[in-house]
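Data block below; observations after.
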Amino acid sequence: MKVVVGISGGSGAIYGVALLKVLQELNIETHLVVSTMGEYVTEHECGIKLEELKGLATYFHENKDLAAPISSGSFKTDAMVIIPSSMKTIASVANGISDNLLTRAADVIIKENRKLIMVPRETPLSVIHLENMLKLAKMGVTVLPASPGFYNHPENLGDIVSIIVGKVLDQLHIEHNLFKRWGE
C-alpha cells in the first residue's frame, strides 16, 4: 500500500505525526508533503523539526516540487490523507487550486478516483468552511474532523490522538487496535 500524507498549517500537527508513526510501524509506504505552515505548526506544537518529520516517512517531497511523482496520476498510490488540513487547504482542494504539491497531489487523487481523507481541526466553522467541506464530500472526499469520541474513556492526550488516527486507518481499511471499539 502507498499512502500520501500531507501536513498543512492547521493546528493539530500531532495527528499527522502520529499517523506517520503508525504507518511506519505497519511498514506502509508513505509519501510525505508538508506545507510551509505545516512545518511551522509541527515544530511549534510538537517540537519536531522538518528533518525529524522526514525520517517518519518513506519518501519526502518538497511542497514546491510540482514535478514530484505524486503530482501525476500515472504514479500509483492507494490514498492520501491531509492531517491536519487547514481551511486554506480545504478551500484550495475544493476549488481545484493546485498551486503547490500538497493541493496538486490531492487534485490527482480526486481525478483518479482514489481515497482522499481530509482532517480539519478548526472551530467554530464558518459557512464558507462548511460549504467547502460539503463540496468535497459531494466529490467523494472523506471529511474526518478531529472530533474524538469519549465512550472509550480516554485517559490522556495520546489516547485522544489514537482515536482520530484509528478513524483514519478505518477509512483506509487498515487493521489496528488504537482504540477500544463500542461494545468491546
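All of the numbers you see were taken from the coordinates with simple rules; none came from a lab. Owing to the predicted nature of the structure, the values given are computational and were not obtained by experimental measurement. Quick reminder, even Gly has a Cβ in these numbers, built from the backbone with ideal geometry, and neighbours come from all protein chains shown.
Computed over the chain, the per-residue total of -39500 (n - 2.57) for DSSP H runs of n ≥ 4 gives a 222 nm mean residue ellipticity of -12000 deg cm²/dmol, rounded to 500. Full extension of the chain segment joining Ser147 with Glu52 gains 31.5 nm, where the gain is 0.36 nm per residue of separation less the Cα-Cα distance. Ignoring aspartates and glutamates fewer than eight residues from Lys49 along the same chain, the ones with Cα atoms less than 17 angstrom from its Cα are Glu39, Glu62. By the Cα gyration tensor, the chain has an equivalent ellipsoid whose semi-axes, rounded to whole angstrom, run 23, 19, 17 from largest to smallest.
Fewest-first ordering of Tyr151, Tyr15 by other beta carbons within 10 Å of each residue's beta carbon gives Tyr151, Tyr15. Only Cα pairs under 8 Å and 6+ residues apart enter the sum, and on that basis the relative contact order of the chain stands at 22 percent. Peptides 153-159, 47-53, 117-123, 130-136 ranked from most to least packed by the mean count of surrounding Cβ atoms within 10 Å: 117-123, 130-136, 47-53, 153-159.
Quick one: if you stick a label point 7 Å off each Cα along the C-beta vector at Ile97 and Asp170, how many nm between them? Modelled inter-label distance: 3.2 nm. With a/c under 1.5 counting as rounded, go ahead and sort the range 12-72 into rounded, prolate or oblate using the C-alpha gyration tensor (a ≥ b ≥ c being the square roots of the eigenvalues; past the cut-off, prolate if a/b is larger than b/c, else oblate). Here the range 12-72 falls in the oblate category. Within a straight-line Cα-Cα reach of under 28 Å, Lys76 can be paired with the following lysines, leaving aside sequence neighbours fewer than 8 residues apart in one chain: Lys2, Lys21, Lys54, Lys64, Lys88, Lys111, Lys115, Lys135, Lys138, Lys167.
Look at Val17, Val127 and count the other Cβ atoms within 10 Å of each Cβ; fewest to most, that gives Val127, Val17.
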